[in-house]
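A short worksheet on the structure shown next.
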Amino acid sequence: MNQLTRTATAVVCACAVAGGLAACSARGEAATDAEIKVMYLLPTLNDEAYSREAAGARAEADRLGVEVDVQAGPQRRDPSPIIAKVEDAITQQFDVIVVDPGEYAAQLSPVLNKAEEAGIDVISMIQEIPDLEPTVHIAYDESAGYRAAGEYMGELLPEGGELGVIGCGIGNAQMDGRRSAFADGLPANITQVQIGETQCDPTKARKLTENMLTAHPELAGIFSDTDIALLGGIEALRAAGADLAVIGGDGQTANLELISNGEIQDASTSYPSEIFGATAIQVASRLAADEDVAALCEIPSQPLITEDTAAQVLALIEEIDAGSAQPEVPDCTENHD
């Protein structure tokens, strides 16, 4: 059962002493819930994964009575607006900054270190930020989900065949890790014959898929490390009338609708953005109240979304976005040796 369903959720909070991470608490003075101010920074809100993360954060902030200011850059590849917003948070004396760095983690390190020096707690999300020791890092292990996607591709193509791969960002650690884990799960009789970069752009993904279909007429499947790019690939497959095995990543709503209807896309990995946002706000609330929190919070990998589960996952995503449901957020504050 996917974590976005209403089953009990489990999160492992780990204290990685050997790696230099230990139990931590807020650097500033304790704050009551009414006083807590959190700035939540995202690369963009034009990507559904980030807009859903924001929805999860807002839902949990409403529940806890925390003031959260969600800010995002106009485009995902320019870090300068986010750097400026961190400077604003320092000036306005926010208690906590939560940052999901996307593709420019390294560029944010200097200003986030400056924020910590000013007494602001920093929570980094999903991707580690080089040269920064955040107050808390919230991690999500995607590798198991992408290995499962590779294994499922083997089930869809039991006789093997040629596979095309749509890459969101080649050279990006997160995206490279997704494709690597997927490849680890593939059986030996499936060969990746072409991998192309699209910068998460559906238009570029459509062109890439058209080229793959032309260059490899025996193509049996398509894998994309993000659903947002895969939408362009799906347009190309639909136009060509091609019936291939298709798996994406992130579990975005448009793709979940296709999966639920048994139309073109067969599966997607889960990226429980709402859980990320809500967990960050809960941790931020504890930090601002000067409560001990584990320095490393690990959210376990989630099951692959297939036709059997897509409708249920989609329904809860829509409820959370409408404010009629809240993400089930486990306690991620206890330290475990």
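The angle between the Cα long axis of helix 310-322 and the main principal axis of the chain comes to about 40°, on a 0 to 90 degree scale. By the count of other C-beta atoms within 10 Å, a proxy for reagent exposure, 62, 47 are ordered fewest to most as 62, 47.
With neighbour counts taken as other beta-carbon atoms within 10 Å, the residues 111, 96 rank, fewest first, as 111, 96. Expressed to the nearest 5 percent, the antiparallel share of DSSP beta bridges inside the chain is 15 percent. Lys/Arg Cβ at +1, Asp/Glu Cβ at -1, dipole of the chain taken about the Cα centre: which of 231, 57, 120 is farthest positive-ward? Looking along the dipole axis, the top candidate is 231.
Between the listed residues 71, 323, 221, the Cα displaced farthest toward the positive end of the dipole of the chain, a dipole computed from Cβ unit charges relative to the Cα centre, is found at 221. Phi-derived couplings, Karplus 6.51 cos²θ - 1.76 cosθ + 1.60 at θ = phi - 60°, listed residue by residue for the range 162-177: 8, 10, x, 10, 9, x, 6, x, 7, x, 7, 4, 5, 5, 4, x Hz, with x used for Gly and Pro.
Largest mean-square fluctuation among 170, 222, 138, in a Gaussian network model of the chain whose springs join Cα atoms under 10 Å apart, belongs to 170.
Remark on the chain: ratio of C-alpha radius of gyration to 2.2 N^0.38 Å is 1.01. Qualifying trypsin sites (Lys or Arg not before Pro) in the range 68-175, where qualification requires a DSSP coil assignment and no more than 16 other C-beta atoms within 10 Å, comprise 77. What's the FRET efficiency of residue 218 with residue 117 using the Cβ-Cβ distance as r and R₀ = 41 Å, to the nearest 0.05? Here the calculated transfer efficiency is 0.10. Put simply, the range 239-324 fits an ellipsoid with semi-axes of 34, 14, 9 Å; these come from the alpha carbon gyration tensor as the roots of five times its eigenvalues, largest first.
Here r is the Cβ-Cβ distance between residue 62 and residue 156 and R0 is 45 Å; the resulting FRET efficiency, rounded to 0.05, is 0.65. For the range 50-62, putting each phi into the Karplus relation 6.51 cos²θ - 1.76 cosθ + 1.60 with θ = phi - 60° gives couplings of 7, 5, 6, 4, 5, 4, x, 5, 5, 4, 6, 5, 4 Hz, in residue order, rounded to whole numbers and with x for Gly and Pro. Quickly estimate the mean residue ellipticity at 222 nm for the chain, helices only: each DSSP H run with n ≥ 4 gives -39500 (n - 2.57), and the total goes over all residues, rounded to 500. For the chain, the value works out to -12500 deg cm²/dmol.
Counting every other Cβ atom within 10 Å of each residue's Cβ, 203, 269 order from fewest to most as 203, 269.
For residue 69, the amide hydrogen comes within under 5 Å of the amide hydrogens of 38, 39, 40, counting only partners 5 or more places away or on other chains and with H modelled in the peptide plane. Mind listing the phi-derived Karplus ³J(HN,Hα) values for the range 265-278, rounded to whole Hz, using 6.51, -1.76 and 1.60 with θ = phi - 60°, and x for any glycine or proline? Values, residue by residue: 7, 9, 6, 8, 6, 8, 10, x, 4, 4, 5, 4, x, 5 Hz. Loop-located GluC sites (Glu not before Pro) across the range 127-196 with a Cβ neighbour count of 10 or fewer within 10 Å are 159, with loop assigned by DSSP.
With Cα atoms as the point set, the radius of gyration and Dmax of the range 143-268 evaluate to 12.7, 34 Å. Other residues with beta-carbon under 11 Å from the beta-carbon of residue 147 carry, at +1 per Lys or Arg and -1 per Asp or Glu, a net charge of -3. Per residue, the average separation of C-alpha pairs within less than 8 Å and at least 6 apart gives the chain a relative contact order of 28 percent. Charge tally around residue 193: other residues with Cβ under 11 Å, Lys/Arg +1 each, Asp/Glu -1 each, net -2.
Each Cα pair under 8 Å and six or more residues apart adds its separation to the average, and for the range 85-213 the resulting relative contact order is 20 percent.
Each reported figure results from applying straightforward, stated rules to the coordinates on display, with no laboratory input. The structure presented is a predicted model; accordingly, all values stated were derived computationally and were not measured. Don't worry about glycine lacking a Cβ; one is built from the backbone with ideal geometry, like all the others, and counts go over all protein chains shown.
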